[in-house]
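Only the coordinates and a few stated rules stand behind these numbers; no lab work does. From a predicted model like this one, the values you see are computed outputs, not experimental measurements. Every residue, glycine among them, receives a Cβ derived from its backbone with ideal geometry; neighbour counts consider all protein chains shown.
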Amino acid sequence: MSFHHSIPCPDCGSDILIESTQLLAGGSFRCSNANCTVAISMDDPKSVSTVTSAFEKFEKLKEESLSQAQNTE
C-alpha cells in the first residue's frame with residue numbers, strides 16, 4: 001500500500017509531498033517552493049528497512065481499526 005503525505009519544508013515551511021512507495025524505492029521529493037532547494041530522500045539502506053517496518057505496522061493497525069469499527073456497527 002502506498003501512503004501520500006505532505007510535510008513542512010524545514011527551510012521555508014512550504015509543503016513537501018511524499019509518496020511512501022517511491023520513497024522506499026529511492027525516490028527524492030523536492031519542496032513545492034520553486035525558490036527552495038530542499039529535497040528529501042532515503043540514502044541509508046538501514047533506514048529503508050526501518051521505514052518499511054513502520055509502514056507495515058501502520059497498515060496493520062489501520063486494518064484492525066477498520067475491522068473493529070465494522071464489528072461495532
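Key figures
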read-out	value
Boolean, Gln68 is exposed (fewer than 10 other Cβ atoms within 10 Å of the Cβ) and either among the aromatic types (Phe, Trp, Tyr) or not in a loop (DSSP other than H, G, I, E, B) (or both)	yes
Residue list for region 1-53, filter: of a type in the set (Lys, Arg), surrounded by fewer than 14 Cβ atoms within 10 Å (Cβ to Cβ) and in a strand (DSSP E or B)	none
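A quick yes/no check of all residues on (1) on the phi < 0 side of the Ramachandran plot; (2) not polar (S, T, N, Q):
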| residue | (1), (2) |
| --- | --- |
| Ser6 | yes, no |
| Ser20 | yes, no |
| Gly26 | no, yes |
| Phe29 | yes, yes |
| Val38 | yes, yes |
| Thr50 | yes, no |
| Lys57 | yes, yes |
| Glu63 | yes, yes |
| Ala69 | yes, yes |
